[in-house]
Amino acid sequence: WNGTAFERLGGGVEAFAVLSYVLDGIPLIYNGQEAGMDRRLAFFTRDPIDWREHRMFALYQRLNELKETHPALATGAATLRIPTTEDESVYALMRIAEGRKVLLVANLTARDFETDEDKDEAVYLGSEELAGTWRDAYTGEAMELGENAAFSLQSWRYRLLLSVD
């Protein structure tokens, strides 16, 4: 009744979905959200959901898999807010359990943070917990991070990284 995820979150719908899974606790998914529901359901009457293929399905499928299998996403796992040079725009959060880590770096604004030849507008993170080898949860890309790391993030984009044991 208060709007679809797309109405309420606009371009941030994916970033906020990922954030809801990385935060401690159990995420809430509204009816049809994983099918890209782009209309409000009617109350007190039959209103079928159009179960169609949508990019949100793969996103939620991977998030559900990680929530079920990765110890750092279990309820009660340690949560660490990672400081950034853009704390008002970029949310960086690490979850840690059983020596394994999950790192989310999410740009929660319409502003781009990028490094190019003329200027450096990357987001910088700082924590000794960052040092190590990481793998992108969606692309499989591996990367090495130090205690200080720079990220380029377009508007409403995120990186979900898993520590490599």
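For the structure I just gave you, tell me whether Ala58 is under 19 Å from Leu28 (Cα atoms) and at pLDDT below 95.
Here the answer is yes, as Ala58 does meet what is asked.
Out of the stretch 23-57, which residues are out of contact with any helix residue (DSSP H, G or I) (no Cβ under 9 Å at 6 or more places or on another chain), under 19 Å from Thr4 (Cβ atoms) and of a type in the set (A, V, I, L, M, F, W, C)?
Once the filter is applied, which keeps residues that are out of contact with any helix residue (DSSP H, G or I) (no Cβ under 9 Å at 6 or more places or on another chain), under 19 Å from Thr4 (Cβ atoms) and of a type in the set (A, V, I, L, M, F, W, C), the stretch 23-57 yields Leu41, Ala42, Phe43, Phe44.
Can you tell me how many residues within the stretch 47-60 are surrounded by 12 or more Cβ atoms within 10 Å (Cβ to Cβ) and closer than 20 Å to Ser155 by Cα?
Total meeting the criteria: 2.
Test of understanding: among Arg8, Arg39, Arg95, which residue is under 22 Å from Gly132 (Cβ atoms) and surrounded by 11 or more Cβ atoms within 10 Å (Cβ to Cβ)?
Only one candidate passes the filter, namely Arg95.
Name the single residue, out of those in the stretch 70-92 being farther than 19 Å from Glu14 by Cβ and assigned to a strand (DSSP E or B), that is least open to solvent (accessible area, probe 1.4 Å).
Thr84
Would you mind telling me which numbered condition in (1) without any contact (Cβ under 8 Å) to a residue 24 or more places away in the chain; (2) surrounded by fewer than 10 Cβ atoms within 10 Å (Cβ to Cβ); (3) under 18 Å from Glu98 (Cα atoms) Phe44 fails?
Unmet for Phe44, out of (1) without any contact (Cβ under 8 Å) to a residue 24 or more places away in the chain; (2) surrounded by fewer than 10 Cβ atoms within 10 Å (Cβ to Cβ); (3) under 18 Å from Glu98 (Cα atoms): (3).
Do you know which residues across the stretch 1-25 are in contact with a Ser or Thr (Cβ under 7 Å, 6 or more places away or on another chain) and either without any contact (Cβ under 8 Å) to a residue 60 or more places away in the chain or assigned to a helix (DSSP H, G or I) (or both)?
Gly11, Gly25
Show the residue pairs meeting these rules: Cβ distance below 8 Å; 6+ apart or different chains; first residue within the stretch 81-96 and among the acidic types (Asp, Glu); second residue surrounded by 17 or more Cβ atoms within 10 Å (Cβ to Cβ).
Close Cβ pairs (under 8 Å, with a partner that is surrounded by 17 or more Cβ atoms within 10 Å (Cβ to Cβ)) amount to Glu86/Phe113; Glu86/Val123.
Scan the stretch 26-35 for residues that are surrounded by 19 or more Cβ atoms within 10 Å (Cβ to Cβ) and not in a helix (DSSP H, G or I) and report the count.
1
Taking Val123 and the conditions (1) in contact with an Asp or Glu (Cβ under 7 Å, 6 or more places away or on another chain); (2) surrounded by 13 or more Cβ atoms within 10 Å (Cβ to Cβ); (3) modelled with pLDDT of 95 or more, which numbered condition does it fall short on, given that it satisfies the others?
(3)
Can you name the number of the only condition in (1) touching a strand residue (DSSP E or B) at 6+ places or on another chain (Cβ under 8 Å); (2) surrounded by 14 or more Cβ atoms within 10 Å (Cβ to Cβ) that Leu63 fails?
Single failed check for Leu63: (1).
The values are calculated or read from the model by the stated rules, or taken from the named source; none is laboratory data. Everything quoted here is computed from the prediction, not taken from an experiment. All Cβ positions, even for glycine, are placed from backbone atoms using ideal geometry, and neighbour counts span all protein chains on display. Areas reflect the complete protein model, heavy atoms only, side chains present, ligands, DNA and RNA absent. Shrake-Rupley method; radii C 1.70, N 1.55, O 1.52, S 1.80 Å.
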